[in-house]
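The values are calculated or read from the model by the stated rules, or taken from the named source; none is laboratory data. Nothing here was measured: the structure is a model prediction, and the numbers come from that model. Ideal geometry is used to build each Cβ from the backbone, glycine not excepted, and the neighbour counts take in all protein chains shown. Please note that ligands, DNA and RNA were not included when accessible areas were found on the heavy atoms of the full protein model with its side chains. Shrake-Rupley method; radii C 1.70, N 1.55, O 1.52, S 1.80 Å.
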Amino acid sequence: MIHIFVSVFHLSSAAVTSSCNPQGDFNLPVFMTSGDFTIGGIFPLHYRVELPPTDYIKRPLAKPIHCFTRMYFHNIIVCRFDPRAFRWALTMTLAVEEINNRKDLLPNHNLAYSIFDSCATPVTAQKAVLAVLNGQDVVQSFICSGASPLLGLIGESGSSQSIVVSRTLEPFRIPMISYFSTCSCLSDRKQFPTFFRVVPSDDYQVKAIAQLLKRFGWTWIGVVTEDHDYGRFALQGLKREIENTNICLAYHEMIPKDYTQEQVMRILKVMKESTAKVVVVFSGEGEFYPFLREFVTQNITGIQWIASEAWVTASILAETYPFLDGTLGFAVRQGHIPGFQDYLKTVTPDRYPSNPQVKELWEALYGCSPSTSSLNSHLPSCTGKELLRQEHSAYMNTSSPRVAYNVYKAVYAFAHSLHNLIHCKPGNGPFENVSCANLNNVFPWQVKVPNVSGEEVNFDVKGDSIPSYDLINWQRHASGDIQFVKVGLYDGAQQTGSELVIEEQAIMWSNQQKKVPMSVCSNSCTPGFRKAVRRGQPLCCFDCVPCDIGKISNQTDSIDCLSCPEDYWSNVNGTICVPKAVEFLSHDAMGITLTVIAVVGAFLTVTVLVIFLYNRGTPIVRVNNSELSFFILLSLTLCFLCALVFIGEPTSWSCMLRHTAFSITFSLCISCILGKTLVVLAAFTATRPGSNIMKWLGPTQQRIIIFCCTLVQVVICTAWLTISPPFPYRNTKYQQSKIILDCSVGSDLAFWCVLGYIGLLACVCFFLAFLARKLPGNFNEAKYITFSMLIFCAVWLAFVPAYVSSPGKFTTAVEIFAILASSFGLLFCLFTPKCYIILLKPEKNTKQTQNK
């Protein structure tokens, strides 16, 4: 808990050895009374000040500083007097009068006040605080001597003015309590040890605004600030609060101190061209008012204004500019000031005939001059029948004072502090070894600020009050009246995430919209898309890029897409992972076609076998060892049938069977053809004198050759199945959208050894048949064997590149095609001529024909 220091320094006039003269004139106070203890007050009664030239040729004060009483804007007279701030000053006078009339607070002592105008400018605020410190007789005195009777100061509304005032008071350890300065910079106790305030710091306001932006999804905002510490530090705080969120600044523009139309037009151009529809404004109403006048001329529409506490309850803006309807902003909490409205009615030019500010108030409120000597002689004289002007209608509305109530609390805080100091008992204070203050010698003292009008005013370690705001919405009713409607609140004492409470159904949006306005740089990315940040632009500006195939996003505004598991794939929309389609050579159109071809081939082979069995006694069947022909036809039948094992879902048994059955049956077939070739070659070689080769190629020897050649393949296959057998394989790499179910060969070496051995047998057979192709005889099969082996080798040579390059189930189809093509090649080349003679040319199927 921080306590207020109240101190008065007394210096003997004898101690002053040198004289000092005031450099220029000091403005007289607006209101001033005398009493036992004086509290100063500084209020921005005018919006602007006419500063002296800064060419450093003359003294800076050679030309006096004057507050603007009126200003011309586009040939229109704009009143620069602020009735709202004047009401704050009257709140201070009311509070002091109440305290002086109370018997329980500072009895037998009177508080006095000395109130000055800062003109909402740091330079004039410093002049005002120096005037308060020097006392009321400084203008008439030629020697600045003595000490100020000032116990404390109420002020200022602007943060920049409060910084100047606090630094001026700090050497004297005179405390000040601000009623409306919210800059977070003032929380630095090292720089401003005697500064306190009854309004929350901007650190809390920017947190509330950041939560408001998140609540309504406004991620693309513009920020306009005044060119003072208040605007700069508020912007820094807002950037800090939205740093780790998805909220971005579309632009930040600063209303210049020296208002020029060219600068304002540049700002308005940025606002007009921007896609941001939510604009946060940190500015006092004095700086914002002329900016809005130029804004009207640019036909900029669709803006949702977010007001800072500095202007969210500024009725003159609400009444003057209808396009501000729907404005949202956080205002300091309201309170109750008893008798305030009646007191305001007593402030008239008749009661204060010599007070120029009261005359200005009358001219602003009623648009008439209370006397012929008024500053605005162009106004008509008041008749007493004038009505309160619409733009200042809130002046007499005291039902929910906010800033005025802060002034009220600040005065009572000083009064209670002083009361505790004067009436404390020695030994009972926070420091028991220090005596209490007396009327003639008041030292700095730390005291707890007690209840103020039923509300306890406490300060944290930074001198700030506990944060609490009302969320205000500007609503214009059918009658045309504007009202500041409370639609929520922000309580900084609540748990994180529970501070902001909003009644959304009670909000009236800008342009009479019924739903929450949108303000985004890019529309949200729907599921199935991811955000891709645009190069050189804020993170809020992005493109929605569809997820790559095999990846999904199942939520809005996904930063990245998630890869599906290995056995899953993304659907068409890229929102969910679905099981991959399993592909294998099944009984589809291709599988059925190959099955039919294989069955037809097996049927034709069996038919030929039946024909040969039926005609086994004829010369053409017996001429070249009918037993070998039967073996060839049987093995060819098995070759056709083994193709069926390749069709269907692969299993462990089918994978082992398909390759071994294929290799062994083909080895048997080629071995039989090799035996037949040797017999043909030996038969014609045996006709030479002295040749006995046929005794080495009798039926037994032929069976041994076939058995041995086939046995080699059986041994290779046995080793293959033992060491690394084929197995079912789910291939998810080759085609990402499908699972290719196929048989892995297990050992590539064994697979190519099997094919290589078949190829070796075929090449040997081809070579021997080629040598016997021109031997005489009508039934010489050497040329048919040569042609069949040529087709066989061509098919399997073409198989190798086709097998390696074919995707998915086509790999299996290529292997089946090679089996069927080579089988048909052998069947047609070897047996078509014989069947032709048996069936169509039986006259040639004679022994005589054979011997020709």
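With respect to (1) over 28 Å from PHE81 (Cα atoms); (2) open to solvent by 60 Å² or more (accessible area, probe 1.4 Å); (3) at pLDDT below 90, the lone exception for LYS272 is condition (3).
Listed here are the residues, each with its yes/no results for (1) modelled with pLDDT of 90 or more; (2) over 23 Å from the mean Cα position of the chain (by Cα); (3) in a strand (DSSP E or B).
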| position | (1), (2), (3) |
| --- | --- |
| LYS486 | yes, yes, yes |
| TYR490 | yes, yes, yes |
| GLN495 | no, yes, no |
| VAL501 | yes, yes, yes |
| MET508 | yes, yes, no |
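Could you list, in sequence order, all residues of the range 715-729 that are open to solvent by less than 50 Å² (accessible area, probe 1.4 Å) and assigned to a helix (DSSP H, G or I)? Within the range 715-729, ILE716, CYS717, ALA719, TRP720 qualify. Only one entry in THR383, THR346, THR372 is loosely packed, with under 14 Cβ neighbours inside 10 Å, of a type in the set (Ser, Thr, Tyr) and at pLDDT 85 or above, namely THR346. Only one entry of ILE552, ILE507 meets the criterion of being surrounded by 15 or more Cβ atoms within 10 Å (Cβ to Cβ) and under 29 Å from LYS207 (Cβ atoms), and that entry is ILE507. Filtered by the rule that a residue be in a loop (DSSP other than H, G, I, E, B), over 28 Å from the mean Cα position of the chain (by Cα) and more than 25 Å from SER201 (Cβ to Cβ), the range 289-315 gives THR297, GLN298, ASN299. Applying the condition of being modelled with pLDDT of 85 or more and part of a strand (DSSP E or B) to the range 72-131 and asking which residue is surrounded by the fewest Cβ atoms within 10 Å (Cβ to Cβ) yields ALA112. In the range 353-369, the count of residues that are of a type in the set (A, V, I, L, M, F, W, C), over 53 Å from the mean Cα position of the chain (by Cα) and under 26 Å from GLY158 (Cα atoms) is one or more. Regarding GLY222, is this residue open to solvent by less than 20 Å² (accessible area, probe 1.4 Å) and within 23 Å of CYS119 (Cα to Cα)? So GLY222 does not fit the description; no.
Take the conditions (1) modelled with pLDDT of 90 or more; (2) assigned to a helix (DSSP H, G or I); (3) among the aliphatic types (A, V, I, L, M); LEU186 misses just one of them, which is (1). Kindly indicate whether any position in the range 333-340 is open to solvent by 20 Å² or more (accessible area, probe 1.4 Å) and either modelled with pLDDT under 85 or at positive phi (or both). Checking the range 333-340: at least one residue is open to solvent by 20 Å² or more (accessible area, probe 1.4 Å) and either modelled with pLDDT under 85 or at positive phi (or both). Checking each residue in the range 535-549 for being surrounded by fewer than 14 Cβ atoms within 10 Å (Cβ to Cβ) and either within 10 Å of the chain's Cα centre (by Cα) or at pLDDT below 90 (or both) picks out ARG535, GLY536, GLN537, ILE549. Of the strands (runs of 3 or more DSSP E) lying entirely inside the range 564-664, the ones with 3 or more residues being open to solvent by 20 Å² or more (accessible area, probe 1.4 Å) are found at 577-579, 581-583.
Residue-by-condition table, conditions (1) within 60 Å of the chain's Cα centre (by Cα); (2) at pLDDT below 85:
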site: THR665; (1), (2): no, no
site: CYS672; (1), (2): no, no
site: PHE684; (1), (2): no, yes
site: SER691; (1), (2): no, yes
site: PRO725; (1), (2): yes, no
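Total residues in the range 168-183 satisfying the condition of being under 17 Å from ARG232 (Cβ atoms) and not in a loop (DSSP other than H, G, I, E, B): the figure is 0.
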